[in-house]
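Novice: The following block contains the structure, expressed as structure tokens.
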Amino acid sequence: MELADIIVKFVLVFIIFAISLVIAMYSTYAERKVAAFFQDRIGPNRAGPWGILQPLADGGKMFLKEEIIPTNASGFLFIVGPSLAIMTACIGSAVIPWGQKLTIGSHVIDLQVADINVGILYVFGVVSLGVYGVMIGGWASNNKYSLLGAIRAASQNISYEISMGLSIIALLLITGTLSLREIAEQQHGWHWNVLYQPVGFILFLVCAFAETNRTPFDLPECETELVGGYHTEYSSMKLGFYLFAEYINMFISSAVMVTLYWGGYNYPGMDWMAAHAGPTLAPLIGVGIMFFKIFLFIFFFMWVRWTIPRFRYDQLMDLGWKILIPIAIANIVVTGIVITLINR
């Protein structure tokens with residue numbers, strides 16, 4: 001790899017990192033506005049025009065608030081918990097293809113940080129590590145409510161990661177690859193995987209809500225039972241890291257769902273646009289289309305939060321073990337039978 005390629009990769013990493021933080025920051029603003037709309041309120045409207053500077057005000061407040069570490073807490077692990085949560089949230093975007101290869105003059109830029117042939121396994125590995133940030137933070141706080149929230153997070157993630165993995169197996173039977181780039185390319189035109197795997201998509205979507213600890217699966221931070229859950233004892237920017245990690249995970253989960261099931265950067269008329277707009281503008285339009293799809297999913301996450309009440313914990317576990325896993329296994333069997341009959 002030449003020096004110019006390395007520089008391009010570093011620039012791409014910086015851009016994706018910055019976009020992830022900005023989207024996470026303004027997702028808090030969007031969430032308040034969506035909640036206000038559903039509840040017939042106005043929402044943030046003081047900091048800047050229409051309240052658009054509210055996330056900056058909240059960020060400044062987080063940085064400037066007093067830093068408190070409980071006396072009996074494990075100081076080192078108390079800091080490691082939120083750091084690990086935000087780190088795992090940010091590195092999940094490394095294997096997502098954000099668009100086709102971009103041609104600028106004689107240079108061809110791959111809009112993907114790392115095109116590895118096991119991209120899905122990388123995503124699952126990073127997601128699995130994310131729960132350690134919650135577990136460590138809840139245990140290090142030396143607070144029984146925080147510990148209960150951490151235990152809930154661990155058991156919840158185990159339950160729903162199994163269903164999520166099984167839903168992906170049916171998709172792999174169709175695509176025959178673990179590379180996110182190849183899966184996106186196979187969906188060129190209208191060959192979106194959601195048309196062939198609607199059950200798998202619904203399973204993945206439900207599990208994504210559980211993985212990101214979003215309502216109705218936000219039992220690890222259920223304030224009606226646990227005061228504040230695993231981050232009860234946190235303040236200042238350490239609490240901000242946990243909150244940011246949730247919104248970044250929501251963004252990355254939406255990007256993964258768009259890539260796997262909803263065509264990624266593909267859109268109708270893509271070939272016509274490439275022929276008439278050129279090799280620079282056409283891929284950029286694809287990037288815009290992909291982010292549009294991602295924002296629709298982020299809105300859906302918020303819509304569900306403010307319209308559906310949370311489950312009880314026993315209902316949460318019953319759904320994961322007794323309903324989603326059997327449906328996922330049945331989906332694999334049916335998909336295998338259909339593929340076998342088609343290929344005979």
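Novice: For GLU66 and THR177, FRET efficiency with R0 = 45 Å and r from the beta-carbon atoms, rounded to 0.05?
Specialist: Values: r = 51 Å, r/R0 = 1.13.
Taking R0 as 45 Å, the efficiency between THR177 and GLU66 is 0.35.
Novice: Something else about it: Calculate the length of the line joining the C-alpha centroid of the stretch 175-238 to that of the stretch 255-334, in whole Å.
Specialist: Their Cα centres are 9 Å away from one another.
Novice: If you don't mind, there's one more thing I want to ask. Would you work out which of ILE162, GLY320, ILE15 lies farthest towards the positive end of the dipole of the chain, given +1 charges on the beta-carbon of Lys and Arg and -1 on that of Asp and Glu, about the Cα centre?
Specialist: GLY320
Novice: Treat each spin label as a single point 7 Å out from the Cα along the C-beta direction, and report the ALA274 to ALA18 distance in nm.
Specialist: According to this spin-label approximation, the distance is 2.9 nm.
Novice: Something else now. Could you tell me what a quarter of the Cα convex hull surface of the stretch 188-281 works out to, in nm² with one decimal place?
Specialist: Working: hull surface 34.1 nm².
The number I arrive at for the stretch 188-281 is 8.5 nm².
Novice: Label LEU284 and ILE169 with points 7 Å out from Cα along Cα→Cβ: what is the distance between them in nm?
Specialist: With each label placed 7 Å out from Cα toward Cβ, I get 4.5 nm.
Novice: Right, here's the next one. Protein chains only, probe 1.4 Å: how do ILE7, ILE86 rank by accessible area, largest first? Can you show the working numbers first?
Specialist: Numbers: ILE7 90, ILE86 25 Å².
Per-residue accessible area, sorted high to low, gives ILE7, ILE86.
Novice: Evaluate the distance, in nm, between pseudo-label points positioned 7 Å from the Cα of ILE202 and of TYR313 along their respective Cα→Cβ axes.
Specialist: About 2.9 nm separates the two model spin labels.
Novice: Let me ask you something else. How much accessible surface does ILE69 have with a 1.4 Å probe, in Å² rounded to 10?
Specialist: We get 70 Å² for ILE69.
Novice: Just tell me, in residue order, which DSSP H segments of the chain are both 20 angstrom or longer along the helix axis (alpha-carbon based) and at least 0.0 in mean Kyte-Doolittle hydropathy. Please list the in-between numbers first.
Specialist: On the way: long enough: 3-38 (51 Å, 1.72); 75-91 (25 Å, 2.06); 119-140 (32 Å, 1.70); 144-175 (46 Å, 1.00); 236-261 (38 Å, 1.08); 270-305 (42 Å, 1.39); 325-343 (27 Å, 2.16).
Answer set is 3-38, 75-91, 119-140, 144-175, 236-261, 270-305, 325-343.
Novice: For the stretch 157-308, what's the relative contact order in percent, using C-alpha pairs closer than 8 Å and at least 6 residues apart?
Specialist: Numbers: 136 pairs, mean separation 43.8, N = 152.
In percent, rounded to a whole number, it is 29.
Novice: Taking only DSSP H segments of four or more residues, each worth -39500 (n - 2.57), what value at 222 nm results for the chain once the sum is divided by all its residues, to the nearest 500 deg cm²/dmol? It would help to have the intermediate numbers written out before the result.
Specialist: Values: 12 runs with 230 residues, N = 344.
Only helices count here, giving -23000 deg cm²/dmol.
Novice: Sort PHE311, PHE297, PHE10 by accessible area with a 1.4 Å probe, largest first.
Specialist: Details: PHE311 65, PHE297 25, PHE10 145 Å².
Result of the area sort, largest leading: PHE10, PHE311, PHE297.
Novice: Please name whichever of ILE79, HIS231, ALA36 sits farthest to the positive end of the charge dipole of the chain, dipole taken about the Cα centre and charges placed at Cβ: Lys and Arg +1, Asp and Glu -1.
Specialist: ALA36
Novice: For the chain, how big is the tail of P(r) above 28 Å, as a whole percent of Cα pairs?
Specialist: Details: 27475 of 58996 pairs.
Of all Cα-Cα pairs in the chain, 47 percent lie more than 28 Å apart.
Novice: What's the ranking of 198-208, 242-252 by average number of surrounding C-beta atoms within 10 Å, highest first? Mind dumping the intermediate values first?
Specialist: Numbers: 198-208: 20.9, 242-252: 24.1.
Taking the mean over residues of other Cβ atoms within 10 Å, the ranking is 242-252, 198-208.
Novice: On to the next question. Using the Cβ atoms and a cut-off under 13 Å, what net charge is assigned to the surroundings of LYS144, where Lys and Arg are +1 and Asp and Glu are -1?
Specialist: -1
The values are calculated or read from the model by the stated rules, or taken from the named source; none is laboratory data. Worth saying up front: this structure is predicted, and the values here are computed from it rather than measured. FYI the Cβ positions are ideal-geometry reconstructions off the backbone, even for glycines, and counts take in every protein chain you see. The area values use the complete protein model at the heavy-atom level, side chains included, leaving out ligands, DNA and RNA. Shrake-Rupley method; radii C 1.70, N 1.55, O 1.52, S 1.80 Å.
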